[in-house]
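The values are calculated or read from the model by the stated rules, or taken from the named source; none is laboratory data. Being a predicted model, the structure only gives us computed values, none of them experimental. Cβ: placed from backbone, ideal geometry, glycine included. Neighbour counts: every protein chain shown. Surface accessibility is based on the protein's heavy atoms, side chains included, excluding ligands, DNA and RNA. Shrake-Rupley method; radii C 1.70, N 1.55, O 1.52, S 1.80 Å.
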Amino acid sequence: MDFPVALAGMPGIAGGRLAGAVAGAGGLGTIGLLPPGELQAAIGRVRDEAPGRCVAVNLLMQFARRRHVQACVDAGVDVVVLAFGGDAALVRELRDAGVFVLVMVGTEHQARAAVAWGADGLIAQGREAGGHLVGTVAALEFLPQALAVAQERPVFLAGGVATAGDTAAALAAGAAGVVAGTRFVLTEESGAHREYQRRILAAGATVETTLFGLGWPLRHRVVPNTATDRWCRADGTARRIPALVNSLSAPLARWAPENSERSVIRMQRPAIPLFSPAAPLEGMPEQWVDRAALYAGESVLRINGVVPAKQAVAELAG
Ligand SMILES: Cc1cc2nc3c(=O)[nH]c(=O)nc-3n(C[C@H](O)[C@H](O)[C@H](O)COP(=O)(O)O)c2cc1C
């Protein structure tokens, strides 16, 4: 890496194209979870587009299966980020295969667990972040606790990073680097639907909700749309019916076939309280933008346009 700037692993959004562009620009290109075959192809694309650079993969533990881990090991990726779960056996397996393992955490308790598993470093997420949240306080507020637990291990800060000033503030506070999600959703190489990009750019607020929780009822930050207007309470939480559906669906998720959330998004309607975590991607019909999660962090209110990933890396690096 030439710059202490990492792309967040965002399923379908941070694919080989975006991760390759970020790695080529000198940042850490992290591929978000994909079906194992597509993951393998994306790793190959990053290597083709950014020869000699690190390749990182984000294992979103709620949906990652053995074949994803095997794909990372077989391809010899440099870095794996474990998010929303993990354990000592998995960290050991990856480290034994020569992989540098980062674990995303949002509380001191989670940081201690990650260090006990043997993690090489931490990502400290703040509550202002886009997407799913382990963060419970602002990233710069949580960072000192994560640094204290991590001791000599590197800690990246995630949440609210949209400018060189944000990166500088994180580094001054002791972070080894930053992880940006929302800034990279808004790049030309992003796999996000173009209308999703337009909606979040035009947004005047974000909301922390539990609405898009089918199979995974964890808090997440989105921009409001027809679905949230219809089914969220004033405080952002899902109303009674979708909350019940989400909580009943939680145990089923571990057994759901791969890619099932891609099938569920097809059936989603603003009027029906059945909302999966899948985001609207390029190639999907435009009207799905009103029935799916428009993930974005608070930094979206300070971002003014879609730029090439290389420019985003340069702007974050300062
Ligand atoms: C669209 C989207 C999808 C995300 N998916 C994941 C994921 O699969 N795994 C993960 O570790 N973090 C995920 N995140 C969270 C990011 O890792 C990161 O914590 C967050 O984007 C940082 O805040 P920012 O959006 O303000 O830059 C996602 C974020 C967004 C915006």
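For the reader, a short list of remarks on this structure follows.
- About its Cα centre, the dipole of segment 207-295 is roughly 300 debye, where the only charges are +1 on Lys and Arg Cβ and -1 on Asp and Glu Cβ.
- Computed from backbone phi, the HN-Hα couplings of segment 177-189 come to x, 10, 10, 10, x, 3, 4, 8, 4, 8, 10, 5, 8 Hz, rounded to whole numbers (Karplus: 6.51 cos²θ - 1.76 cosθ + 1.60, θ = phi - 60°; Gly and Pro given as x).
- With all protein chains in place and a 1.4 Å probe, the accessible surface of the chain carries 55 percent carbon and sulfur.
- Relative contact order (%) - criterion: Cα under 8 Å, at least six apart; region: the chain: 18 percent
- Since only Ala293, Pro280, Leu211 are under comparison, the one whose Cα sits farthest along the positive direction of the charge dipole of segment 207-295, derived from C-beta charges on Lys, Arg, Asp and Glu, is Leu211.
- Listed residues Leu133, Leu33, Leu252, most fluctuating in the chain (Gaussian network, C-alpha, under 10 Å): Leu252
- Under-5 Å amide H pairs with Asp78, H placed in peptide plane, nonlocal only: Val55
- Heavy-atom SASA rank of Asp74, Asp166 (probe 1.4 Å, accessible area, largest first): Asp74, Asp166
- Lys, Arg +1 and Asp, Glu -1 on Cβ, resulting dipole of the chain about Cα centre, debye, nearest 20: 820 debye
- Accessible surface, the chain, averaged per residue in Å² (probe 1.4 Å): 40 Å²
- Based on DSSP H segments of at least four residues, each scored -39500 (n - 2.57), the chain has a per-residue ellipticity at 222 nm of -10500 deg cm²/dmol.
- Cα gyration tensor shape for segment 141-191, rounded if a/c is under 1.5, else prolate or oblate: prolate
- Taking a ≥ b ≥ c as the square roots of the eigenvalues of the alpha carbon gyration tensor, the chain is rounded, as a/c is under 1.5.
- The residues neighbouring Ala150, those whose beta-carbon lies less than 14 Å from its own, together hold a net charge of -1 under the Lys/Arg +1, Asp/Glu -1 convention.
- Three-way shape label, segment 207-295, alpha-carbon gyration tensor, a/c 1.5: oblate
- When +1 charges are put on Lys and Arg Cβ atoms and -1 charges on Asp and Glu Cβ atoms, the dipole computed for segment 1-154 relative to its Cα centre reaches about 280 debye.
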